[in-house]
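Comments concern the structure below.
The values are calculated or read from the model by the stated rules, or taken from the named source; none is laboratory data. Quantities reported herein were computed from a predicted structural model and do not represent experimental measurements. Note that we place each Cβ from the backbone using ideal geometry, even for glycine, and neighbour counts take in every protein chain shown. What goes into the accessible areas is simple: the full protein's heavy atoms, side chains included, and nothing from ligands, DNA or RNA. Shrake-Rupley method; radii C 1.70, N 1.55, O 1.52, S 1.80 Å.
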Amino acid sequence: MDKKRKLAAAGAGALAVAVALGIASTADAAASTLGAAAAEQGRYFGTAVAAYKLSDSVYSGILDREFNMVTPENEMKWDATEPSQGSFSYGSADQIVSHAQSHNQRIRGHALAWHSQQPGWAQNLSGTALRNAMVNHVTQVATHYKGKIYAWDVVNEAFADGGGGGRRDSNLQRTGNDWIEVAFRTARAADPGAKLCYNDYNTDGQNAKSNAVYAMVQDFKSRGVPIDCVGFQSHFNSASPVPSDYQANLQRFANLGVDVQITELDIEGSGSTQAENFRKVTQACLNVSRCTGITVWGIRDSDSWRASGTPLLFDGNGNKKAAYTSTLAALGGGSPTSNPPVSSSSSAPPSSQPPIPSGGCTATVSVNQWQGGFVATVRVTAGANGTNAWAVTLPLPSGATVTNSWNTSRSGNTWSNVSYNGRITAGQYTEFGFQATGTAGTLSPTCAAS
């Protein structure tokens, strides 16, 4: 699609009259934000959203101003929506959906079936019992949100890394090789109006893994299995840069008759190098007519699961980075020279730097509790010297049992960094989380850094 098409009518008589009368054109206004500029290109520009952060006025201010698509980070996953078998919990996900609808934003559902972040009861199932549980879960969740979801990541990360190009070994895969097909057919029956996507990482260029996904999509299309789109997560850093055949890879999937979407974009780095990489990815999407949109995985650098790599479009204070400017420009938009205010409830200006802890690190926790279980999200903030590694001591109340965790390594009551999130610059933070049965009570984490 021609990226300049939104301006093609600029010389037309009606628009000329409007300009002459001093009426600001919709296109001119639209070009000042990511979502509106993308919409002028027939695409969306979205972000991943955490429900508990919606009360942060800087966070929600940027969300509401810049993005026209949202993806819940964790709130629609199996562990959050069906914490005990047959008992569904939609509170946090519904909060995100309601917020999006009130701001005219569409929703990408993420994710119906995945080997990770399963509730403990599902992890303990196998065979026919697990297959039936998956079918029921997909049916119930997709039905609950019927008519509200633009596209579902029906199945997430089902292929293995490495040169083999085969399916990932998981409890779902061991129910039978047709489990992905069954999930897609079930989702279509539950919500015929939603686009159904397969989503994965390390498939951004042509390799054994992306070839295996390609073969599956080709097979599904030939047999009438309902699949409408393929999501490319696009997590990039210096060790895994934007591949030279990125656009060509998107195009070959589009040629199968599916939409392609960039679903979890983040690019570690800073300055002009990072800006150029974001521009390159954005332009690649624009150059593929069936690339329908881009989602970045978080709003500010401090919201990222890779916070120490500063991989997003806004810094920790919510200020636009060079990468924002290059992305907006690639979309054909133009940005005001200053950041508009995003908070009126605080006496501090939006660009003020929060106090940096004097110690090695601090830890705070937020909890999403339901009957019989909870999810805890722990934020680790680096002190004045930053961190190379960190460990959080977090005793659990009596009766609580951890069933799943992410972005951390656990030994008893000690939660420590994994390979990608140990290094945090001064004043920045990373987050990890876990799911547990029981009641959270009062959780009091302490942090030590090296």
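Work out how much length His103 to Thr414 would gain on full extension: take 0.36 nm times their residue separation and subtract the Cα-Cα distance, in nm to one decimal.
Numbers: separation 311, 0.36 × 311 = 111.96 nm, distance 4.05 nm.
Here the answer is 107.9 nm.
Between Arg65 and Asn237, the contour length at 0.36 nm per residue exceeds the alpha carbon distance by 59.2 nm. Each residue was assigned an accessible area with a 1.4 Å probe, and for Glu73 the value is about 30 Å².
Rolling a 1.4 Å probe over the protein heavy atoms gives the chain an accessible area of 39 Å² per residue. Charged side chains reduced to their Cβ positions (Lys and Arg at +1, Asp and Glu at -1) give the range 233-323 a dipole of some 200 debye around its Cα centre.
With the highest mean first, a sort of the peptides 296-302, 102-108 on other beta-carbon atoms found within 10 angstrom per residue produces 296-302, 102-108. Full extension of the chain between Thr401 and Asn385 yields a length gain of 2.3 nm, computed as 0.36 nm times the residue separation minus the alpha carbon distance.
Placing +1 on each Lys and Arg Cβ and -1 on each Asp and Glu Cβ, with no other charges, gives the range 136-224 a dipole about its Cα centre of roughly 320 debye. When the alpha carbon gyration tensor of the chain is reduced to an equivalent ellipsoid, its three semi-axes come out at 33, 30, 21 angstrom, largest first.
The simple Förster model, with R0 at 41 Å and r as the Cβ-Cβ distance, assigns Asn287 and Arg168 a FRET efficiency of 0.85.
In this structure the amide hydrogen of Gly109, modeled in the peptide plane, comes within under 5 Å of the amide hydrogens of Tyr150, Ala151, Trp152, Asp153, none closer than 5 places in sequence on its chain.
How large is the charge dipole for the chain, taken about the Cα centre, if only the Cβ atoms of Lys, Arg (+1) and Asp, Glu (-1) carry charge, to the nearest 20 debye? Show your work: numbers first, answer last.
Values: 33 positive and 32 negative charges, 104 e Å.
In debye, rounded to 20, the chain gives about 500.
The accessible surface of the range 163-299, taken with every protein chain in place and a 1.4 Å probe, is 45 percent carbon and sulfur.
Apply 1/(1 + (r/R0)^6) to the Cβ-Cβ distance of Gln206 and Gln123, taking R0 = 35 Å, and write down the FRET efficiency to the nearest 0.05.
On the way: r = 34 Å, r/R0 = 0.97.
Working from the Cβ atoms, E equals 0.55.
Computed per residue of the chain from DSSP H runs no shorter than four, each worth -39500 (n - 2.57), the mean residue ellipticity at 222 nm is -8500 deg cm²/dmol. The label-point distance for Glu276 and Ala448, in a model that sets each label 7 Å from Cα toward Cβ, rounds to 4.4 nm.
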